[in-house]
């Protein structure tokens with residue numbers, strides 16, 4: 001293959017076919033986004049341990065190309081799902097993946113955590129939190145998420161195992177409760193709810 005052909009192939013969308021929560025999906029991704037060739041282990045673990053109701057209003061925080069948010073939109077057809085990311089390429093691909101999967105109850109927008117999200121509330125907030133965001137932003141995310149949850153609303157997070165004690169401490173501090181749903185080899189899924 002010539003160099004020009006190889007470079008042209010790198011510019012094409014990466015297509016991922018995946019079954020998540022027993023639903024078939026197709027995702028388009030590109031180089032430079034998180035886990036561009038496959039749905040990562042943390043996102044899969046998170047999706048496997050969330051309880052989603054048909055009418056839930058959901059938020060996928062740090063959506064990447066959208067596997068979590070698109071799945072939430074499919075599982076909550078009578079609700080709505082907002083996907084946000086601070087990377088405009090991720091937002092473009094999330095909106096493309098919402099359309100590709102035929103969903104009319106979801107949209108993606110640019111926001112650094114909650115900064116640009118319009119004043120609305122959610123029943124479920126989910127995030128595959130990157131380890132590199134820093135503890136200051138994590139504290140802002142957990143506090144802002146609490147403010148944006150409806151009473152009885154749930155936050156589900158997946159983090160690398162090295163952050164699980166931090167998440168436990170801060171979820172207890174902010175929400176007054178904490179439930180470790182699953183600890184895998186590399187990732188831990190936790191949940192808290194707003195009483």
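Please treat every number below as a calculation from the coordinates, not as lab data. These figures come from a predicted structure and were not determined experimentally. For neighbour counting, all protein chains shown are included, and Cβ atoms are generated from backbone atoms with ideal geometry for every residue, glycine included.
Descriptive notes on the structure:
- Length added when fully stretched, residue 143-residue 17, from 0.36 nm per residue minus Cα-Cα: 41.9 nm
- For residue 6 and residue 92, the FRET efficiency from 1/(1 + (r/R0)^6), where r spans their Cβ atoms and R0 equals 25 Å, is about 0.55.
- Ranked list, fewest to most other Cβ atoms within 10 Å of each Cβ, for 21, 63, 58: 21, 58, 63
- Of 82, 72, 172, the one that fluctuates the most in a GNM where the chain has Cα springs shorter than 10 Å: 172
- For region 1-61, the spread of Cα positions along the three principal axes, ordered from largest to smallest, is 50, 22, 20 Å.
- For region 81-148, the Rg and Dmax computed from alpha carbons only, in angstrom: 12.6, 37
- Residues of region 106-150 with amide N under 14 Å of a point placed 7 Å along Cα→Cβ from residue 172: none
- For the chain, a Gaussian network of Cα nodes joined below 10 Å ranks 126, 90, 113 by mean-square fluctuation, and the top entry is 113.
- Entry for percent of Cα pairs over 24 Å apart (calculated from the structure that is shown) out of [x] 36; [y] 46; [z] 53: [x]
- Counting other Cβ atoms within 10 Å as a rough exposure proxy, the listed residues 189, 174, 89, 70 run 89, 174, 189, 70 from fewest neighbours to most.
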